[in-house]
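Undergrad: Sharing a structure, written as structure tokens. Questions coming.
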Amino acid sequence: MSSKGKQAEGQTAFDAVMPVIADLLEQGTRAFALENWEDAIDHFGQMASITEETFGSESPRYADALVMYGRALLQHAIEQNALLAQKTLAEAAAGIKPGEEEEEEHAPVKATIKFEGEPDFRQIEELENGAQSVSLSASAKGKEKEPQGAEDNVEDQEN
């Protein structure tokens, strides 16, 4: 009687789970047909979980439940990818580069800092170069003003 008792208990558990699995299968199939992928994923996922607990992970019923769950996941991913592609195409048509909006939001404001009284180094260099050229030209003029005989006098004095 113990083997019959176990079969009866197993049969009642099976009988209790089958309507739940059938209901989840129906709801998931309806959601899949209506292209409501998120609901289909939820229903098929719950059905796969219950089927695994009831029949085991090696059961053909569990494999079928996983196939339905996987198809719903795949269709959801395809839809999401299509939405991203449409957004990218719309941005391209509008002349917006991909990711440009995000950069504008996160880009820091470029502030210009200007200190008053700061020397302009280009002007200083020009002044220095001008002063050097003035001193060089003055020294060149001074040499020209000396008589040529004065150089000879200096050489004569050294001898």
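The values are calculated or read from the model by the stated rules, or taken from the named source; none is laboratory data. What you see is a predicted model; the values in this text were computed from it and never measured. No Cβ is skipped: glycine too gets one built from the backbone with ideal geometry, and neighbour counts run over all protein chains shown. For the accessible areas, the whole protein counts, side chains as well, though only heavy atoms, and no ligand, DNA or RNA atoms are used. Shrake-Rupley method; radii C 1.70, N 1.55, O 1.52, S 1.80 Å.
Undergrad: If ligands, DNA and RNA are left out, what is the accessible area of GLU26 with a 1.4 Å probe, given in Å² to the nearest 10?
TA: GLU26 exposes around 100 Å² with every protein chain in place.
Undergrad: Still on this structure, I have one more. Just to verify a number: what accessible area does LEU34 come out at with the full protein assembly present, 1.4 Å probe, Å² rounded to tens?
TA: Near enough 130 Å² of accessible area.
Undergrad: Starting with the highest mean, order 43-49, 16-22, 27-33 by the number of other Cβ atoms within 10 Å, averaged over the residues of each peptide. Mind dumping the intermediate values first?
TA: Numbers: 43-49: 21.3, 16-22: 12.7, 27-33: 16.9.
Ranked from most to least packed, the peptides come out as 43-49, 27-33, 16-22.
Undergrad: Another one. Take ASP39, ASP64 and sort them by solvent-accessible surface of the protein heavy atoms, 1.4 Å probe, largest at the top.
TA: ASP64, ASP39
Undergrad: Now for a separate question. Given points 7 Å out from each Cα along the Cα-Cβ axis, report the SER49 to LYS87 separation in nanometres with one decimal.
TA: 2.9 nm
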